[in-house]
Amino acid sequence: MKNFSFAQRARVRALAAASAAACASFASTSFAQTAVVPQLKPVIVTANRLEQALQTAPVGATVILREDILSSGVLDANEAVRRLGGVVSRSDLLGGREAAIDLRGYGDSAANNLVVVIDGVRISENELASARLSAISAERIERIEIVRGGSSVAWGEGATGGVINIVTKGGAKQGLSGSAQLSLESFGTRDARANLDVGLADARLFALFRSLDTDGYRANSGQRNSNINLGAEWGGSQGLRARLEFARQSENSRLPGALPIASAQLNPKQTLSPLDNASRDEDRTSLALQYRAGGWLATLDLARRERESTFFADYGPVNGTQDATGSSTGTQTSPRLQYTGEFAGAAVTALLGLDRQSWSYNNDVAYSGFAANAETASQNSRATFTRLDILLPSQTRIVVGARSERITKDFADSLAATSYQQRSPLKAWELGVNQTIAQGWDVYGRLSKSYRVGNVDENRFLATPLKPQTARDTELGLRHTAQQASFGVRAFRQSTQDEIAYDNNLFSNVNLDPVRRTGLELEGRMQLSAAWQVAGSLQKIQARFASGVYAGKRVPHVAESNAQARLIWLPLTAHRVELVLNHRGSAVLGNDWNNACTQRAPSRNTLDLQYGYAPQGAGWSFSAGLDNLTDRQTFGWGFTNATCSATNVYPEAGRSLKLKARYSF
């Protein structure tokens, strides 16, 4: 390999990298504008692959409901998770709309420590490429479940930080319905969508089309995206039910890259990599079959994904160029059998499931001045998992679960002359207890073990693959839900062994010394009056090395305080004004393992303002919004070197205007 400079290595690394109502209704702001608030329905979560009422589920979770997504004016799942779920985020390293999501303080590797699921199908990657939540249009979503903390029993490797489970809209009214929408934003952004539903007797046909075109905030940060979703579902609540869907995503991105901090302060919109670009085309096909008879429920999820990608980077006359073309194919087969019944006065739900996943990868990389190399890789996993949910007459809920998984990885690189085979038998478990102590009041505790393995990019150029990462979680929580106000608080601690991260001082991915994360999370909402509501969230977290050479030091890119406050005003029927204050604390720069650099990724306080007009039923709706109202100039990602003498940053967008018009029928 060439001896790339620090700034160029930073670019390579960055570009290679994404009972009553539920407590999760804290993110919800859709209340009736009357003096009497109607009885709220229980919110059900399925992210653990068992249906549970969130109020009594022993898990830290937030649920964002469809009505709140549509009324808030958000455009996609990524924006909904950030704006309505209060999840910590930073701008997309590639300059696009896919803001990086961090559930539990993993910093640079956050995207690889959470699993994203759509309708039971895992879409997280086996590469340093984040699942594209921004490609999931708001119109498709029925609800989003954000589960924080280790979730490997349900979803296997990579779920050490948690899971984002997206449930898309099902069912349709009889006849023809749909919507058309156009959004215009700053930086030359045009987003056009149309969706169509045909409701038949016990059946539905649906289609969604989206085209996004933007110049981007920075030079050379334009994107051209298109999405098509076609599907059908049929069947009733009993007997056989099926859903078939095909999705195609196409993305062409310019890559603005990092800037030396002095250059970013002078002109944050510039680029030093005007030729860099990447593309990705992906096809996904999924089939979900469900058969329900009495207390028995049999489910089968089948999915296949095919992807083609390209990447080009120009490192200048000294170091030349890199040109890569890759392809990958992944499949998932997940049968499950569930039984719900009563035993000795207790409500019992038992689940037994299998997960079979296969993934193969080919990548051809050419460096100027070197012969092209061909990389091939495969990953196969076979897992069995089981869960038991018991609700006692004392209103005590006990949930236990276990997973046994064997992951096989094979890799070969012709240029580096490296290859490896890795066989990893892995186990996860969890134990949760929830106790209802009074009407609307619940306390819970949860213990779990989770894991993840290094992906193909993280193991590149290593003669021996990285060891699997394991984590143990302890969480205690309190929930209160009432008609006018709800809140939740949870304290957690996670101890991680062999955490996988990139160390620029060694120019390699490594297994870190033990890391400990401790924190406190609060979220709540309150109906102040018929016209005023408030909602908010707060996360205080410490992610520090528990032992080893960096003992006591902070993990880079983990802000120790994050908060969001939302004030909602409903002045007239169908009108909504929302003011959102976002706070993200300062963080240690990437690669500053010793915490020796005085320069930090600065704290960020931004104000967003949103107005929406959305009457009930069909017809026109409109929204207008200003993000980063005060035009705060800052950066979320910054990388330094061992001597703190070179810092490169990724500026975040300034003030942005958004206008949206939607017609539904």
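Listing for the model above:
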{"read-out": "Identity of the residue in segment 409-442, small (G, A, S) and in a strand (DSSP E or B), that ends up surrounded by the fewest Cβ atoms within 10 Å (Cβ to Cβ)", "value": "A438"}
{"read-out": "Residues of segment 607-640 classified as assigned to a strand (DSSP E or B) and farther than 23 Å from P260 by Cβ, total", "value": "16"}
{"read-out": "Search result, residues across segment 506-565 that are open to solvent by 30 Å² or more (accessible area, probe 1.4 Å), under 22 Å from I101 (Cβ atoms) and among the hydroxyl-bearing types (S, T, Y)", "value": "T518"}
{"read-out": "Some residue of segment 152-160 being under 14 Å from the mean Cα position of the chain (by Cα), open to solvent by less than 10 Å² (accessible area, probe 1.4 Å), modelled with pLDDT of 90 or more and farther than 23 Å from L84 by Cβ", "value": "yes"}
{"read-out": "Hits in segment 348-364 (condition: modelled with pLDDT under 95 and over 22 Å from I123 (Cα atoms))", "value": "D364"}
{"read-out": "Conditions (1) crowded, with 19+ Cβ neighbours inside 10 Å; (2) of a type in the set (S, T, N, Q); (3) over 28 Å from S130 (Cβ atoms): number failed by Q249", "value": "(3)"}
{"read-out": "Residue among T310, T340 that is open to solvent by 40 Å² or more (accessible area, probe 1.4 Å), under 28 Å from S360 (Cα atoms) and of a type in the set (S, T, Y)", "value": "T310"}
{"read-out": "Among residues of segment 641-665, those that are closer than 30 Å to Q616 by Cβ and either open to solvent by less than 80 Å² (accessible area, probe 1.4 Å) or assigned to a strand (DSSP E or B) (or both), counted", "value": "9"}
{"read-out": "Checklist (1) among the aliphatic types (A, V, I, L, M); (2) open to solvent by 10 Å² or more (accessible area, probe 1.4 Å); (3) in a helix (DSSP H, G or I) applied to I69, failing item", "value": "(2)"}
{"read-out": "Hits in segment 494-509 - residues which are of a type outside the set (D, E, K, R), farther than 17 Å from A111 by Cβ and at pLDDT 95 or above", "value": "Q494, S495, Q497"}
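Residue-by-condition table, conditions (1) surrounded by 15 or more Cβ atoms within 10 Å (Cβ to Cβ); (2) assigned to a helix (DSSP H, G or I); (3) among the hydrophobic types (A, V, I, L, M, F, W, C):
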residue	(1), (2), (3)
N165	yes, no, no
K173	no, no, no
L182	no, no, yes
F209	yes, no, yes
R218	yes, no, no
E233	yes, no, no
S237	no, no, no
R243	yes, no, no
S253	yes, no, no
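The values are calculated or read from the model by the stated rules, or taken from the named source; none is laboratory data. It should be emphasised that the depicted structure is a prediction, and the values quoted were computed from it without experimental measurement. As a convention, Cβ positions derive from the backbone with ideal geometry for all residues, glycine included, and neighbour counts pool all protein chains shown. All accessible areas refer to the heavy atoms of the entire protein, side chains included, with ligands and DNA or RNA removed. Shrake-Rupley method; radii C 1.70, N 1.55, O 1.52, S 1.80 Å.
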